[in-house]
Each structure stands twice: as structure tokens, then as C-alpha cells.
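Report on one structure; see the data block that follows.
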Amino acid sequence: MFTLIRKMKKREWLMAIICALLVLAQIFFDLKLPDFMSDLTILIKTEGSRISDILMTGLKMLVCTLISATLAVACGFLASKTAAGLSLTIRSDIFKKVSEFGQEEMLQFSVPSLINRTTNDITQIQMFIAIGLQLLIKAPVMAVWAIIKIVNKSLNLSLITAAFVVAILSMMAVVIVVVVPRFRKVQKLTDNVNLVARENLTGLNVIHAFNAEDYQNSKFEEANSSLMKTQLFNQRTFAIMMPFVNFAMNALSLVILWVGASIVNSVPATDIAMRVSTFGDIVVFGTYASYVVMSLMMLVMIFMFLPAAQVSATRINQVLKTNSSLMEGDQTRSSEKGSVEFRNVSFHYPSSDKNVLEDISFSARRGETVAIIGATGSGKTTLVGLIARFYDVTSGEVLVDGVNVKDYSFDALYDRVGFITQKPVLFSASVKDNVLFGESNGKNTQDNAEQALDIAQASDFVDKMPNGINSPIAQGGANLSGGQKQRISIARAIAREPEILVFDDSFSALDYKTDALLRKELGQKLKHTTKIIVAQRIGTIRNADKIIVLDEGQSVGVGTHDELLASCEVYREIAMSQLSAEELEN
């Protein structure tokens, strides 16, 4: 928690300090009231007191109350501003940190959990700061100040008050010990609810198509019920606290009045002044004792938010302290251009010891087209992902332009490589903004975007859209077909003007005519750009300069289409499953 609080900027620290001073001033005026009440009691009980004196004392009490209320409003405003500023800083830090994560870190936390940490967990911190900034100062200071005021008034009453305080603190300790572990469970259950809800929303069409609404509802109900039961236990446990403290405060007042009455009766009836003074002390003692209990009630409120806030702070710190497993190099220049080389590359995922790729070696020179084909699960996507450094190799080297990808700065590497993912990802912006997305060597102009769309065979449908290249795209490209999304994704990579284009099965949603036209344009207009293509269609890759055949993570064939038909059984089986013998010959 304190690690996050230290992230407050100077402006928030200044507001917090002012808020603390206002709280102390508020306490001062609150604790003046019992003194005025004692004076008022003595004036009322003393014969010959003037009405003007009584009214003046009442006026002083009213002024103190108004000043205290004004200070409380000002402090609440500053506390809210401080909490909002801190949450803004933390949310920004988390967003930037997650943006640096690689695939390994994303798998470690999961997307629903990261969303929950960025929203709900930060809200918990914000609520605690907004309330705790006032109460954490007010409660202990008021309690100590009130105790100092009453400690010399009456030994018996002081012991009674101390007994009630110990009982309340013991109750609070028991509740905290019971509830805190369950708050950790609540956050995990909230992550699970988000996971199920996100899965349901993402796959809504599939759920409708398979009449799986009841199954999904029961799945969500199970996750939701687990969260509800845990929350109910926590809230019911906390619900015991407030009535208990209220009962303790009222019981303490009753006991003080009862014991105080006996103390007043013990004063001789003839000593009127002493009886009046003693009665005034009892009234003041009761008021200060109630302030002590009120301070404990404030602590109860704090402890209602503290466990959840502490758990949330731990979860946020886990994200902020996690460093990406991919360390950035400092290399920006290279002696070659447009070359890719794999040297004895093996790779396994962090969660497994089994290699997904085993001793892969090949090279691609500038302007060449290298294709990668293989059965599902043979490691094609993993292989090209190593070029973009989504993961680091387990052994061996991946070289781009003759330099190990680990030695490049991220900007330098991604300026060289244009990557089109297997599943196209578009953003809620215009077609133009999606094509010119991010920073690159390419020109940030409309002409560049239109040229990239022409090469990607996307101009035909973009020109027919209501606003052409400025037409909006829904989040995730929901208003486009699969083939249209793929073509805009390809245009986005082309607009970067990279040395190397990596197509991770990026032609799968295209019809054969568009596929052929797109490859023709790539060959004619991007002659000097190295193209690495992952594909399932033989027709897409048959004219490649080099084809690499993968089988269970191993390279079982490297060559041209004709060479592999003659020498590679795996390639021949894939080809025969798609084309007839006559088509293969032609």
C-alpha cells in the first residue's frame, strides 16, 4: 500500500498535507465543544447567571460546529482530489507496464485479471485513500486527545472507558483475522467472473448457434454464486461490527451516567458549587468518552476498506514489479538489409519443457519469398513469432539483417519487420488511422495509406464505404468481413515500409482470385522486400523461392515446390490433399 502511496505527485502530496492540517483544525474545534458544554452546565446550574452569558456560550458552540463542518467539507474535497490523482497515476503506470509485457507475462496474469487490476483494484485503492486520508488522521488524534482530556477527571470512569476500548479493539482484531484471507479470495473470484463474462461476450454468436445459452448461464451462475457467497460472509462479518460498536458507545454512556450519578451523590448536598462542578465534569467526561468510541467507529470504517484495499495494492504491485522477460538491446544499425537467418533454433514455452521447435536452420536474403507450411500444430506460427521476438529462443540464434534480434532495440527491430498476425486485430478508428497505425519508417500520409490499400487489394471495398478511407471501423473490425479485416491488416504492415514482411497465415480468409492478385502486387511493387509467408494453401506458396516444411516442430524439407514434391513425403501429402496430380504437374 505504501509503495503505491509514494507514487503521489507533488500536487497530491500538497493537498494531502493541507487535508491533514484541516483535520487537525477540525478536531480542535470538535473538542472545544465539551468545554463549552461544561461552562454552559455550570451557568445553568448556578444561581444569578445571566441569559447573555448562556447565549454567548451557545453561540460559541454554534460557531465551532459551523467551522468544523466547513473544514470537513474542504477536507473531503481535497481527499477526493488526492485519491483521484493517485488512481490516475497508478492506472497510467499499469497501462504502460502492461504495454511492455510479452506473451509470457500476458499468460502469467491473463487478460481478465489485468482488466480487473486496472479497474476494480484501483477503485478500491481510491476509495480507501478518499476515506482513510481523513479518518486515519482524525481517529487516532481524536482518541488520544480525548483520553488526555479525561484521564485526570475520574479514575473509575477512566478504567471503565479503557475496558470498553479493549473489548472493541479485540472484536475488531478477530474480524480482521477472519476476513482478510477471504478478501484475497474475492479478488480471484472477481477475476473468474470477468473471465466467464468476457468469454461469453466474445463467443456470443457461437453460443446462440449451438443453443448453449443455458450452459453458459449455469457456468456464469456458478462463478457468480461463489463470489456472492464469499462477499456475503465478509459483509455479514462486518455487519456485526457497527451494531457492536454502537451498543458499546451507548452502553458506555449509560455506565458513565450511572457511575457518575453515584459520584455526584457522594458529594455533600451542602456543597452546591462542588456538586455542580462534579456534575459538569461528568458531562464532559461522557462527551469525551463518546469521542473515544467514535474514533473507534471511524477505525471500524477504515478496517472495512483496508483489507480489500491491501489485497488490491498487492495485486497492483505484482503487475508493476513484473519485468518483461524480453530485455531490450541497444543495437540500431546493421550491415545487411532485408535478411533473416535461423541458426539451430530450438524453442519451448516457459510453461513446458518439451520443445515446440527443434534445431531449425534456414536463411532468407533480401527480396526473397520464403514460405513455411506444415500440419496444424507443427510450429509455424511459433517460428515466425520468433522473428518479431514475441518470445526468445531457447537455444540458437535468430538474425535479422545479420544481427541477433536480442541485440536490437525494440524500435529498431520493429522498424525492420512488418508482422501480419494470424487473427487480424483492428482498432475503433477510421480505415486511414488503422492503416497508418503506430510509428514507423513509412510516411504518415494519405497517399501512403491509399498505396498500401491498393497493394493489399483493399481499395475496392474501401472506396465503396460511405466516407471512403475515412470511414469508421468498429472495435475489432466488427463491421468488416474476415477477408476485409485481413486485407486492411496487410495494408497496415505494408504502409510501415519494412524490410521484411511476415504473413502468419494472413491469406486464409481471401478467395483464390484476391489471393493471387495480392501476391502478384507484392511481387511487382515490393521486389526488394523480403516476404516470409505461413500458409496452408499450396497455391499460395508454390511460387516461393524457398519452402520450409515443418512436421512436429522439425524441418523435414527445404526447397522449391518442384524439389519438395520429388523429395519430401510430408509436402507431397499436403499437396495431394489439396490438388490433383494433373494440377500439380501444371
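Quick note: the coordinates plus some simple rules give every number you see, no bench work behind them. Quick caveat, the model's predicted, so the values are computed rather than measured. Cβ placement follows ideal geometry from the backbone for every residue including glycine, while neighbour counts extend to all protein chains displayed.
Please list the equivalent ellipsoid semi-axes of the range 300-402, computed as the square roots of five times the alpha-carbon gyration tensor eigenvalues, in descending order and whole angstrom.
In descending order, the three semi-axes are 42, 18, 11 Å.
Assuming R0 = 22 Å, what is the FRET efficiency of SER335 and VAL558, from their Cβ-Cβ distance, to the nearest 0.05?
0.30
Using θ = phi - 60° and the Karplus form 6.51 cos²θ - 1.76 cosθ + 1.60, what ³J(HN,Hα) does each residue of the range 330-339 get, whole Hz, x for Gly and Pro?
Here the 3J(HN,Hα) series is 10, 6, 10, 10, 8, 8, 10, 8, x, 9 Hz.
From the gyration tensor of the Cα coordinates in the range 159-233, what semi-axes in whole Å does the equivalent ellipsoid have, largest first, with each one equal to sqrt(5λ)?
Numbers: eigenvalues 393, 19, 9 Å².
That gives 44, 10, 7 Å for the three semi-axes.
As I understand it, the dipole of the chain uses +1 on the Cβ of Lys and Arg and -1 on the Cβ of Asp and Glu, about the Cα centre. Which of ASN448, PRO243, GLN216 lies farthest toward its positive end?
PRO243
Starting from the Cα-Cα distance between GLU199 and LYS406, subtract it from 0.36 nm times their residue separation and give me the gain in nm to one decimal.
Full extension of this stretch gives 71.0 nm more.
Mind checking which aspartates and glutamates have their C-alpha under 16 Å from LYS229, skipping anything on the same chain fewer than 8 residues away?
Of all the aspartates and glutamates, those that pass the test against LYS229 - Cα under 16 Å, at least 8 places apart if same chain - are ASP191, GLU221.
Counting alpha carbon pairs within less than 8 Å and at least 6 residues apart, what relative contact order, in whole percent, applies to the chain?
14 percent.
Give me a comma-separated list of calculated 3J(HN,Hα) values for the range 296-302, in order, Karplus coefficients 6.51, -1.76, 1.60 applied at θ = phi - 60°, integers in Hz, x for any Gly or Pro.
5, 4, 5, 5, 4, 4, 5
State the extension gain, in nm to one decimal, for the chain segment bounded by TYR215 and MET106, taking 0.36 nm per residue of separation less the distance between their alpha-carbons.
36.5 nm
Using modelled backbone amide H atoms (1.01 Å from N, in-plane), which distant-in-sequence or interchain residues come within less than 5 Å of TYR349's amide H?
Amide H neighbours of TYR349: VAL356.
Output the relative contact order of the range 5-137, whole-number percent, from Cα pairs under 8 angstrom with separation of 6+ residues. Mind dumping the intermediate values first?
Numbers: 104 pairs, mean separation 52.3, N = 133.
Across the range 5-137, relative contact order equals 39 percent.
Farthest toward the dipole's positive end in the chain, which of VAL293, ILE538, SER430, given Cβ charges of +1 (Lys, Arg) and -1 (Asp, Glu) about the Cα centre?
Result: VAL293.
Using the reciprocal of the averaged 1/r over all distinct C-alpha pairs, how large is the Kirkwood radius of the range 442-586 in Å?
One over the average 1/r among Cα pairs gives 16.8 Å for the range 442-586.
Taking all pairs of distinct Cα atoms, average 1/r, flip it, and tell me the Kirkwood hydrodynamic radius of the range 2-320 in Å to one decimal place.
Hydrodynamic radius (Kirkwood, Cα only) of the range 2-320 equals 23.3 Å.
Mind giving me the nanometre distance, one decimal, between the label points for TYR512 and HIS528, set 7 Å out from Cα along Cα→Cβ?
3.6 nm
In sequence order, what are the phi-derived ³J(HN,Hα) couplings for the range 111-120 according to the Karplus relation 6.51 cos²θ - 1.76 cosθ + 1.60 with θ = phi - 60°, rounded to whole Hz, with x for glycine and proline?
So the Karplus estimates, Gly and Pro as x, are 5, x, 5, 5, 5, 5, 5, 7, 10, 4 Hz.
Roughly how large, in nm² to one decimal, is the mean projection of the convex hull of the alpha-carbon atoms in the range 272-317?
Projected area, direction-averaged: 3.4 nm².
Taking 7 Å along the Cα-to-C-beta vector as the label spot, tell me the GLU397-LEU159 distance in nanometres, rounded to one decimal.
Between GLU397 and LEU159, the label points sit 8.4 nm apart.
Between ASN317 and THR70, what is the FRET efficiency for a Förster distance of 30 Å, r being their Cβ-Cβ separation, to the nearest 0.05?
0.20
What's the FRET efficiency of LEU59 with ILE148 using the Cβ-Cβ distance as r and R₀ = 22 Å, to the nearest 0.05? Working shown, then result.
Working: r = 27 Å, r/R0 = 1.22.
My answer for the efficiency is 0.25.
From the cross-link list LYS485/LYS525; LYS7/LYS406; LYS443/LYS464; LYS10/LYS321, which pairs have alpha carbons spaced over 29 Å apart?
Values: LYS485/LYS525 22 Å; LYS7/LYS406 32 Å; LYS443/LYS464 25 Å; LYS10/LYS321 23 Å.
Result: LYS7/LYS406 exceed 29 Å.
Hey, what number do you get for the chain at 222 nm if only DSSP H runs of n ≥ 4 count, each worth -39500 (n - 2.57), divided across all residues, to the nearest 500? Intermediate results must be reported in sequence, preceding the final value.
Details: 21 runs with 375 residues, N = 586.
It lands at -21500 deg cm²/dmol.
What distance in nm separates the two pseudo spin-label positions at PHE28 and MET576, each 7 Å out from Cα along the beta-carbon direction?
Modelled inter-label distance: 9.6 nm.
Long-range amide H contacts for GLN331: which residues qualify at under 5 Å (H placed 1.01 Å from N, peptide plane, sequence gap of 5 or more or a different chain)?
TYR408, SER409
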